[in-house]
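Participant: Got a structure for you, questions after.
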Amino acid sequence: MLRILAVDDEPPALEELVYLLGQDPRVGEVESAGDGGAALRALDQALAHDRPVDALFLDIRMPGLDGLDVARVLSRFAEPPPVVFVSAHDDFAVRAFELQAADYVLKPVRPERLTEAVRRIAELREAGRPAPAPPRPPAAEPPRKAADDDQVIAVELSGVTRFVHRSDVTHVEAYGDYVRLHLASSSHLLRVPLATLERQWQDAGFVRVHRRHLVATEHVEEVLFESGHMLIRVGGTLLPVSRRNTGRLRELLMSRARPVAGGQRR
């Protein structure tokens, strides 16, 4: 049975989190703390009594030590417990996974989403790994296909699910096990490795141009060369092209281009 420490500075949110965690049959004990400092003291007490916690479910925005601060402290432990961040804001996800977060759950917390996070913690403990494995894509993935074969991608933003079309994606940027989908007027985080999208979207005109960038060739607006390096402008953003991908990308762009017929000069 898992021992979990839930941390949130808002009492109603903390009570709900403790209640939901306690409903999971894999959870045997849930302790709580109202801020980052209290969380570290609780961890210290648990270690002193040889009853370490198996995971922290940790809010991010808190007075004093916030959730990211607590995770940084934990990273210096010899065997840090896995951390699941629970936040109403998705704009901390990149920093959270840079700190080796096991999962990132958006508020308002859905019981089935919390169940998935607990399952990951249970698997980590069973495997004997102190460090988290790469997070799995959410249940809304893989994206569904529309009638015209243009995929519709479900993305979450502060607890709201939105749907975007793959054809509107100009380029994709890697952030660890996350990617950011860039559209003309917005961007969205998606929990899926860049290599997976590269494989799934190659037949839709997406090509890897750099270890961090996947681009839709139909959205490439301009090609530039600076000091022998190729750059492309996509959706108004300049992106680097690695040397190994320069030749292939140039061929793809030229094959897409069509000559304009003109009148015969006299």
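The values are calculated or read from the model by the stated rules, or taken from the named source; none is laboratory data. Predicted model only: the values in this text are computed from it and were never measured. Cβ sites come from the backbone with ideal geometry, for glycine too, and all protein chains shown count toward neighbours. Note: areas computed on protein heavy atoms with side chains; ligands, DNA, RNA excluded. Shrake-Rupley method; radii C 1.70, N 1.55, O 1.52, S 1.80 Å.
Participant: Return yes or no: is ALA6 under 26 Å from the mean Cα position of the chain (by Cα), at pLDDT below 95, closer than 16 Å to VAL83 by Cβ and among the hydrophobic types (A, V, I, L, M, F, W, C)?
Facilitator: Here the answer is no, as ALA6 does not meet what is asked.
Participant: For the range 30-75, enumerate the residues that are in contact (Cβ under 8 Å) with a residue 60 or more places away in the chain and under 12 Å from VAL7 (Cβ atoms).
Facilitator: Passing the criteria: ALA55, PHE57, GLY67, VAL70.
Participant: For residues that are in a strand (DSSP E or B) and not polar (S, T, N, Q), tally how many sit in the range 226-256.
Facilitator: 11
Participant: Return the residues of the range 67-98 that are crowded, with 19+ Cβ neighbours inside 10 Å and part of a loop (DSSP other than H, G, I, E, B); say none if nothing qualifies.
Facilitator: PRO81, PRO82
Participant: On to the next question. So, in the range 150-172, of the ones that are crowded, with 20+ Cβ neighbours inside 10 Å and at pLDDT 85 or above, which residue ends up nearest to the chain's Cα centre (by Cα)?
Facilitator: Applying the filter and picking the extreme gives VAL172.
Participant: Say whether the condition of being among the aliphatic types (A, V, I, L, M) and open to solvent by 60 Å² or more (accessible area, probe 1.4 Å) is met by at least one residue in the range 192-204.
Facilitator: No, that holds for no residue.
Participant: List every residue pair whose Cβ atoms sit under 8 Å apart, with the two residues 6 or more apart in sequence or on different chains, where the first one lies in the range 10-28 and is touching a residue at least 60 places away in the same chain (Cβ under 8 Å) and farther than 16 Å from VAL118 by Cα and the second, anywhere, is open to solvent by 20 Å² or more (accessible area, probe 1.4 Å) and of a type in the set (Lys, Arg).
Facilitator: Filtered contacts from the range 10-28: ALA13/LYS107.
Participant: Condition first: on the phi > 0 side of the Ramachandran plot and either among the small types (Gly, Ala, Ser) or open to solvent by less than 40 Å² (accessible area, probe 1.4 Å) (or both). Now tell me which residues in the range 1-54 satisfy that.
Facilitator: Residues satisfying the conditions do not exist here.
Participant: To continue, here is another question. Condition test on VAL209, is it within 16 Å of the chain's Cα centre (by Cα), at pLDDT 85 or above and assigned to a strand (DSSP E or B)?
Facilitator: No.
Participant: Please go through the range 215-232 and pick out each residue that is more than 28 Å from the chain's Cα centre (by Cα) and surrounded by 14 or more Cβ atoms within 10 Å (Cβ to Cβ).
Facilitator: Those that are more than 28 Å from the chain's Cα centre (by Cα) and surrounded by 14 or more Cβ atoms within 10 Å (Cβ to Cβ): VAL223, MET230.
Participant: Scan the range 99-125 and report the pairs whose first residue is closer than 18 Å to VAL70 by Cβ and part of a helix (DSSP H, G or I) and whose second residue is of a type in the set (A, V, I, L, M, F, W, C) and open to solvent by less than 60 Å² (accessible area, probe 1.4 Å), with Cβ atoms within less than 6 Å and a gap of 6+ or a chain change.
Facilitator: Cβ pairs passing all conditions: ALA117/VAL84; ALA117/VAL105; ILE121/ALA55.
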